[in-house]
Amino acid sequence: MATKQSPFDLNHFLAIRAHAVNAALDKFLPSEKTKPVTIHKAMRYSLFAGGKRMRPALTIAAAEACGGSVVAAMPLACAVECIHTYSLIHDDLPAMDNDDFRRGKPTNHKVFGEGIAVLAGDALLTQAFEIAAQANGWPRYSHKELILEIAKASGSLQLVGGQVADLEGENKKLSLDELKFIHERKTSALLCCSVRLGGMSANCPPAQLAALTDFGNHVGLAFQVIDDILDVTQTSEQLGKTAGKDVAVQKATYPAIVGLGKSRKIAAQLTDKAFDALKVFKGRAVALEALAGFLLKRDR
Ligand code: GRG
């Protein structure tokens, strides 16, 4: 069962790392006063709205498991957070999920209008590549490979492809395999990419990258299964976004297809597999282990 206890202080790790990521993002992004000010205000509004910073935390934790440094991992950690935030801004648009709240605040288009929200998403996606290009290349992982990694996870085969399948699956009865196809692309791909980038920033050997990929894929899918569960078990206040939305729009989710109990079991099994993948690190992946345990038990 996924009940690993670790003396590792995850809250401290998350607080310190989130603080460092926020400071780095603040430096990487144009200031609110940079013209045209509206777009920079809109980009910063969503980026600094209080996200959990799980993807950057995974990048940094993976780097540390491979003996790398926070400094080397930071541009890549910030790049994935920019891509994640862009995807949330676009996902909330009336043409997509049409949501009014995100990260406990009115959504980007509610504050800045749809046109600016589309552009803020576009600009964050582009900003991600500008930031990632500032990471160091390594003997095993050149700049080209780092950029390819992010592009592949964000493009039409993964993040965007998952969103397309999600849109096209609306009001249809999906099988569990079809739902898994969506979740693996829409959510898991960027989470897995976050973990892999951490290893790559540490010039990790291929066996460690394979282990991180295995970990990332399992944790990524577990993350979305848990997101589906939280949508039906938590309130909007707890989530900082509209709860119960999936049921309201009759969206295919794990609880809708297999029930709440089985969904919880699947999330725990996926997390167990994620723990197993970390065995090659022989106890040096404590932060990744603690993060996987935390993601399983998270309540928002
Ligand atoms: C290309 C027009 C266009 C749109 C693309 C790809 C895409 C839009 C949207 C997919 C994004 C999406 C909503 C994925 C679901 C992933 C998910 C569970 C997000 C919530 O992540 P958390 O809980 O959020 O880490 P915080 O706010 O804490 O960062």
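Restricting attention to the stretch 175-184, the residues that are open to solvent by 60 Å² or more (accessible area, probe 1.4 Å) and not hydrophobic (A, V, I, L, M, F, W, C) total 4. Consider the stretch 152-174 and keep the residues that are closer than 19 Å to Ala210 by Cα and either open to solvent by less than 30 Å² (accessible area, probe 1.4 Å) or assigned to a helix (DSSP H, G or I) (or both). The one that is nearest to the ligand (Cβ to nearest atom) is Ala153. For the stretch 63-87: of the residues being of a type in the set (A, V, I, L, M) and surrounded by fewer than 21 Cβ atoms within 10 Å (Cβ to Cβ), which is farthest from Asn136 (Cα to Cα)? Only one residue fits best here, namely Val70. Within the stretch 191-208, residues that are farther than 18 Å from Ala292 by Cβ and open to solvent by 10 Å² or more (accessible area, probe 1.4 Å) have Cβ atoms under 9 Å from residues that are among the β-branched types (Val, Ile, Thr) and in a helix (DSSP H, G or I) in these pairs: Ala207/Val280, counting only partners at least 6 apart in sequence or on another chain. Residues in the stretch 167-184 that are touching a residue at least 60 places away in the same chain (Cβ under 8 Å), under 16 Å from Gln224 (Cβ atoms) and of a type in the set (Asp, Glu): 1 in all. Restricted to the stretch 95-108, and to residues there that are within 12 Å of the ligand (Cβ to nearest atom) and more than 25 Å from Cys192 (Cα to Cα), the residue that is most open to solvent (accessible area, probe 1.4 Å) is Phe101. Would you check if there is a residue in the stretch 218-238 being open to solvent by less than 30 Å² (accessible area, probe 1.4 Å) and part of a loop (DSSP other than H, G, I, E, B)? No: zero hits. None of Ala72, Ala77 is within 16 Å of the ligand (Cβ to nearest atom) and not in a loop (DSSP other than H, G, I, E, B) except Ala77. One residue stands out in the stretch 28-62 among those that are basic (Lys, Arg) and surrounded by 14 or more Cβ atoms within 10 Å (Cβ to Cβ): the one that is farthest from the ligand (Cβ to nearest atom), namely Lys41. Mind checking whether some residue in the stretch 110-133 is more than 15 Å from the ligand (Cβ to nearest atom), open to solvent by 10 Å² or more (accessible area, probe 1.4 Å), of a type in the set (Val, Ile, Thr) and within 26 Å of Glu289 (Cα to Cα)? No, the stretch 110-133 contains no residue that is more than 15 Å from the ligand (Cβ to nearest atom), open to solvent by 10 Å² or more (accessible area, probe 1.4 Å), of a type in the set (Val, Ile, Thr) and within 26 Å of Glu289 (Cα to Cα).
Within the stretch 134-151, restricting attention to residues that are out of contact with any helix residue (DSSP H, G or I) (no Cβ under 8 Å at 6 or more places or on another chain) and part of a loop (DSSP other than H, G, I, E, B), the residue that is surrounded by the most Cβ atoms within 10 Å (Cβ to Cβ) is Ser142.
Checked against (1) within 16 Å of the ligand (Cβ to nearest atom); (2) assigned to a helix (DSSP H, G or I); (3) charged (D, E, K, R), Lys251 passes all but condition (2).
The values are calculated or read from the model by the stated rules, or taken from the named source; none is laboratory data. None of the values given here were measured: they were computed from a predicted structure. A quick note on method: Cβ atoms are made from the backbone with ideal geometry, for glycine too, and the neighbour counts reach across all protein chains shown. Just so you know, the surface numbers come from the protein's heavy atoms only, side chains and all, with ligands and any DNA or RNA stripped out. Shrake-Rupley method; radii C 1.70, N 1.55, O 1.52, S 1.80 Å.
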